[in-house]
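Here is the structure we will look at, set down as structure tokens.
The values are calculated or read from the model by the stated rules, or taken from the named source; none is laboratory data. Remember, predicted model here, so these are calculated numbers, not experimental data. Cβ coordinates were reconstructed from backbone atoms using ideal geometry, including for glycine residues, and neighbour counts include every protein chain displayed. Heavy atoms of the whole protein, side chains included, go into the accessibility calculation; ligands, DNA and RNA do not. Shrake-Rupley method; radii C 1.70, N 1.55, O 1.52, S 1.80 Å.
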Amino acid sequence: MNNNMSPAGSLERLRALDKERMHISRAAALLQWDQETFLPSGGIEERAEQLAVLEGLAHEKLVHREVGELLDRLSDVLSLNDAGMLLNTQDGFPVGDFIRVLRRDYEKAVKIPVDFVRECAKAEGLSQAAWVEARKQKDFTAFAPHLEKMLNFARQKAEFWGWEKSRLYDGLLDYYEPSLGVKELTAIFGPLRDRLQLLLRKITEKPRPGDVFLHHNFEKAKQEAFCREVLSGIGFDGTRGRLDISAHPFTTTLGFNDVRITTRYAVSDPLSGLFSVIHESGHAFYELGLDNALQYSCLAEGTSMGIHESQSRLWENVIGRSRAFWEPWFSRLQDCFSAELGETDFDSFYRTVNTIVPGPIRVEADEVSYSLHIILRFELEEKLLSGKLEVNELPEAWNAGMKDYLGVECTDDAEGVLQDVHWSMGAFGYFPSYALGNLYALQIWDTLNEEIGPVDTMLQRREYGDIHSWLKDNIHCKGRSKEPAELIREVTGRSLSADSFFRYIEQKYSELYGI
Ligand code: ZN
């Protein structure tokens, strides 16, 4: 590195290195997207190698010695007022935030030894294969030794990052949602769990509404046509993204003007594919709403998993399952499926869309049950990581929690403790972001309503422009330049709590179920 480089020159060099790394990561994302959508099965093996090479390259770019030296030099400059001011005013690019976020990414990556990364990746592959097989056989014991290993890797990783032995789970949680550790989450999730449990019990005592989709087949091609109409209706720009089919719906960003979403269609349910489309488009709106100044930098992403999930859940549940949203769209759905839904009245349809049926499977859960599935996983992860619960005691603890929180009996491990892929990949600390997404979504939605509402009239007119503008200006445009805790406080005027979410759930479902 040239030691005489000016501060502006150092910044330019660091941004160039970061840009190259972003390009490599996005090329890898394209290969990954292709693997999930169109790749013929014969190409899988070679694709895995191609991905490993690109991901390795991106990692090398991040941990390169020059990156560390430039970060040090620029941090020194920023701490001096005059030169710092000069750097801070570069074309609206938030230099200070860039240095802070890139330094965090850099340090997280350099602290993990390369041998450990390799060992982890190998064990992860074996663990995932064992999980697939154990799930097929409905037998937790075959997966247990792998889970034990993945837990140890996770503990080691948190230790490498510098977390004390007594706070390793905090370290893993922090990776996905900075500043929300065990203490903070317990304070939010504990009371929420009790309130949701009570409400759920009251709901399940009431008669279950009929299902207007029963006894029909809904042609997939017609579903897709309807999804595309809704997608463009709610403002997804087809010149900056596309919709395809994959086994598990997802969103991936391939560039500043190229965000891909996927879904899957079920003939028995005309809306599960649509709700996935709306969910993923919420993620896509976030990625497409970033400020232009952030392009090609590590700031050009969502600020946390929880805030990202808030955007998808806001569109899928708060908007997409509301009465006001469906008032103009229901007749269009009836036009598409006139034989199947032509005679259905709006109220019965709306009840079907919002039916509450506690079941064993998280991804099929309704709005009231969903967060309880997550809170149980959070509590179990905390016990596993801290050693309060042994791996072989997990299925029993899982089943007892499901019975207690949701009133559900799991008939086997496949629909119980083995249902999710996360633990087999060592992704401990990820689950809470789903429930946090619900909480952030409603806190943001309340503020949006105060500032531009009432939103129901807009939804009834299929006018989504003001909602998009507000979300873009207040959340999306900032990317990673704001930490989640700071963002939520600035936008809503208070720290995260479950109040808005619970108020929404209680009001909506008390009305629907006459409680
Ligand atoms: Zn999501």
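Key figures
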quantity: Sole residue being outside any loop (DSSP other than H, G, I, E, B) and within 30 Å of PHE143 (Cα to Cα), chosen from SER510, SER424, SER469, SER500; calculated: SER424
quantity: Residue match in region 234-242 (condition: under 14 Å from the mean Cα position of the chain (by Cα) and within 16 Å of the ligand (Cβ to nearest atom)); calculated: no
quantity: Filter result (of a type in the set (S, T, N, Q) and assigned to a helix (DSSP H, G or I)) within region 225-239; calculated: SER232
quantity: Residue match in region 182-189 (condition: surrounded by fewer than 18 Cβ atoms within 10 Å (Cβ to Cβ) and at positive phi); calculated: no
quantity: Per-region count, region 362-398, residues within 19 Å of the chain's Cα centre (by Cα) and open to solvent by 40 Å² or more (accessible area, probe 1.4 Å); calculated: 2
quantity: Hits in region 240-282 (condition: open to solvent by 20 Å² or more (accessible area, probe 1.4 Å) and part of a helix (DSSP H, G or I)); calculated: SER272, SER276, HIS279
quantity: Selection within region 93-141 - surrounded by fewer than 18 Cβ atoms within 10 Å (Cβ to Cβ), of a type in the set (Val, Ile, Thr) and modelled with pLDDT of 95 or more; calculated: VAL110, THR141
quantity: Residue within region 166-173 that is open to solvent by 50 Å² or more (accessible area, probe 1.4 Å) and either within 30 Å of GLY273 (Cβ to Cβ) or aromatic (Phe, Trp, Tyr) (or both) present; calculated: no
quantity: Only listed residue being under 20 Å from TRP329 (Cα atoms) and touching a residue at least 24 places away in the same chain (Cβ under 8 Å), chosen from PRO270, PRO249; calculated: PRO270
quantity: Sole exception among (1) out of contact with any Gly (no Cβ under 7 Å at 6 or more places or on another chain); (2) within 16 Å of the ligand (Cβ to nearest atom); (3) part of a helix (DSSP H, G or I) for TYR430, by number; calculated: (3)
quantity: Complete set of residues in region 350-366 that are part of a helix (DSSP H, G or I) and among the aliphatic types (A, V, I, L, M); calculated: VAL353, VAL363
quantity: Among residues of region 176-214, those that are assigned to a loop (DSSP other than H, G, I, E, B) and in contact (Cβ under 8 Å) with a residue 24 or more places away in the chain, counted; calculated: 11
quantity: So SER310, is it polar (S, T, N, Q), within 16 Å of the ligand (Cβ to nearest atom), surrounded by 21 or more Cβ atoms within 10 Å (Cβ to Cβ) and more than 14 Å from ILE234 (Cα to Cα); calculated: yes
quantity: Residue check for PHE275: of a type outside the set (Gly, Ala, Ser) and within 15 Å of the ligand (Cβ to nearest atom); calculated: yes
quantity: Qualifying position, being more than 16 Å from the ligand (Cβ to nearest atom) and either open to solvent by 10 Å² or more (accessible area, probe 1.4 Å) or under 25 Å from SER41 (Cα atoms) (or both), among GLU287, GLU229; calculated: GLU229
quantity: Some residue of region 395-409 being out of contact with any Phe, Trp or Tyr (no Cβ under 7 Å at 6 or more places or on another chain), hydroxyl-bearing (Ser, Thr, Tyr) and within 16 Å of the ligand (Cβ to nearest atom); calculated: no
quantity: Failed condition for LYS222, given (1) assigned to a helix (DSSP H, G or I); (2) within 16 Å of the ligand (Cβ to nearest atom); calculated: (2)
quantity: Unique residue being within 17 Å of the chain's Cα centre (by Cα), over 24 Å from ARG351 (Cβ atoms) and either modelled with pLDDT under 95 or of a type in the set (Asp, Glu) (or both) when the list is GLU309, GLU316; calculated: GLU309
quantity: Residue, nearest to the ligand (Cβ to nearest atom), within region 410-427, restricted to residues that are among the acidic types (Asp, Glu) and surrounded by fewer than 22 Cβ atoms within 10 Å (Cβ to Cβ); calculated: ASP420
quantity: Residue within region 470-478 that is closer than 19 Å to ASN292 by Cα, charged (D, E, K, R) and touching a helix residue (DSSP H, G or I) at 6+ places or on another chain (Cβ under 7 Å) present; calculated: yes
quantity: Subset tally (residues that are farther than 13 Å from ARG73 by Cα and surrounded by 20 or more Cβ atoms within 10 Å (Cβ to Cβ)) for region 9-21; calculated: 2
